[in-house]
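Here's the structure we're looking at; comments come further down.
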Amino acid sequence: MNFPVPTQGSPLLPPLYLLASYTAGFLLLISLIFLIIHFRNKTLSFAHKAKEFLVWLVFLLIGIAAVAGYLLLPAPQVVSVSPAPDSIDNDLKSPITIQFNRPVSRRTMEKTIGPDVPGVWIFEDQLYTTHFYKKVVFYPDIGLDSNTTHKVELKNIKNTLQTSQGFDYSFSFKTKSDLVMAKAIETLKKETFKLPVPVYLQQHTLSCELASLKMTLAYKGIMKSEEELLSQVGVDTTAHVGNEWGNPYEQFVGNVDGKQMRDGYGVYWGPIERVAKLYGGAQAFQNGDIKLLTSNIASGNPVIIWVYSRNGTPTRWKTPSGVEVFAVAGEHTVVAVGFVGSADNPSQIIVNDSLVGQVYWSRSLFNRKWASFSQSGVIVYK
């Protein structure tokens with residue numbers, strides 16, 4: 001199999017890094033076991049054991065730092081892709097997978113497939129819970145185009161710390177002919193209306209509202225950073241103590257890089273409308289309906305809507321001034337940019353999600369998520 005060379009020269013390598021990683025981990029484990037056994041040795045004085053323990057602890061920390069540096073600091077490299085580059089007769093339902101040897105930055109990487117295919121990009125193979133991902137996978141919503149050469153492009157690939165120089169990588173493959181699937185995909189495309197709103201992943205843990213506003217402004221040709229938008233929204237630094245916290249109806253509550261519902265939350269439609277109006281027309285609303293949403297999208301106006309990303313458990317707290325705040329665990333925003341089916345009764349809603357990219361939500365899933373905040377949102381007029 002002949003692998004293509006990335007456009008800025010990061011060659012595909014065999015996974016030798018696995019041997020190095022496992023070896024380093026094994027040595028660290030042996031060192032830790034030695035420390036435990038040595039410290040339990042009753043023939044040595046406590047002072048002697050403490051001194052040797054500190055020496056070994058320093059070496060252990062140096063080893064951990066070396067392994068972490070090896071995994072996180074160098075530029076990532078592509079080790080495998082699927083479907084294979086330049087391959088033919090690939091299944092239309094096949095996911096597209098790019099595996100790296102080291103964790104990559106989700107925030108800087110740009111991902112495209114040509115021709116455009118409905119689906120979602122997901123980062124996988126993480127080293128720790130929800131961090132340090134080494135694989136990116138595209139899952140088609142229905143399937144890839146039949147008997148078509150698809151080109152996959154990844155741009156600005158960096159290490160997870162964003163300290164390495166970004167590089168680009170691309171490859172192509174061809175799908176097999178499948179008339180049944182081709183007809184289904186063609187029908188979906190004919191029934192789909194979608195605005196060309198760019199997709200940006202959020203740059204901070206809790207900056208979904210800022211990323212959503214950034215997307216809608218970029219659609220209008222206005223480029224703003226999340227930091228600029230956050231300064232205009234404002235931050236409520238009220239400490240979260242018991243059942244008292246800040247007011248998301250006025251400003252962003254808490255730390256934008258914090259943990260939601262602990263030291264950071266988000267901001268609601270009022271402040272987002274206020275900032276959006278600095279750059280043109282915008283209208284916040286509550287108790288909207290599907291026709292309000294689709295009619296605006298059909299008129300060229302994307303809509304930022306409030307949903308949830310996890311369990312959506314409702315809660316409440318009060319501000320220091322006594323204002324009661326309704327909140328939802330996992331509070332999140334997405335940008336509604338399109339729909340599948342008729343505007344009066346669409347079967348799917350297309351949203352730009354700053355956590356994962358562009359996704360197609362079934363009507364039932366969309367309704368459930370949107371209802372969590374009483375069908376609230378901000379229309380950003382073109």
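The residue list Gly322, Gly280 contains one member that is closer than 18 Å to Val233 by Cβ, more than 25 Å from the chain's Cα centre (by Cα) and either surrounded by fewer than 16 Cβ atoms within 10 Å (Cβ to Cβ) or not assigned by TED's automatic domain parsing to the domain that holds Tyr249 (or both), which is Gly280. Among the residues making up region 331-357, those that are within 20 Å of Arg106 (Cα to Cα) and outside any strand (DSSP E or B) are Ser354, Leu355, Val356. Here region 89-120 is the region considered, the condition is being among the β-branched types (Val, Ile, Thr) and modelled with pLDDT under 90, and the residue that is surrounded by the most Cβ atoms within 10 Å (Cβ to Cβ) is Val117. For region 329-336, indicate whether the set of residues that are over 24 Å from Glu250 (Cβ atoms) and free of Cβ contacts under 8 Å to residues at least 60 places away in the same chain is non-empty. Yes; the residues of region 329-336 include at least one that is over 24 Å from Glu250 (Cβ atoms) and free of Cβ contacts under 8 Å to residues at least 60 places away in the same chain. Screening region 220-243 for residues that are part of a loop (DSSP other than H, G, I, E, B) and either outside the structural domain of Gly281 (by TED's automatic domain parsing) or of a type in the set (S, T, N, Q) (or both) and picking the one that is nearest to Val197 (Cα to Cα) gives Ser225. Can you tell which of Met215, Met181 is at negative phi, over 24 Å from the mean Cα position of the chain (by Cα) and part of a helix (DSSP H, G or I)? After applying the criteria, what remains is Met181.
Going through (1) modelled with pLDDT of 95 or more; (2) of a type in the set (Val, Ile, Thr); (3) within 30 Å of Leu293 (Cα to Cα) one by one, Thr192 falls short only on (1). What are the pairs, 6+ residues apart or on separate chains, where a residue within region 247-274 that is under 12 Å from Leu210 (Cβ atoms) has its Cβ under 7 Å from a residue that is at pLDDT 95 or above and among the acidic types (Asp, Glu)? Qualifying pairs under 7 Å: Phe252/Asp236; Gly266/Glu209; Gly266/Glu331; Val267/Glu209; Pro271/Glu250; Ile272/Glu209.
The values are calculated or read from the model by the stated rules, or taken from the named source; none is laboratory data. Not measured: the values here are computed from a predicted model. When we count neighbours, we look across all protein chains shown, and the Cβ atoms used for this are built from the backbone with ideal geometry, even at glycine.
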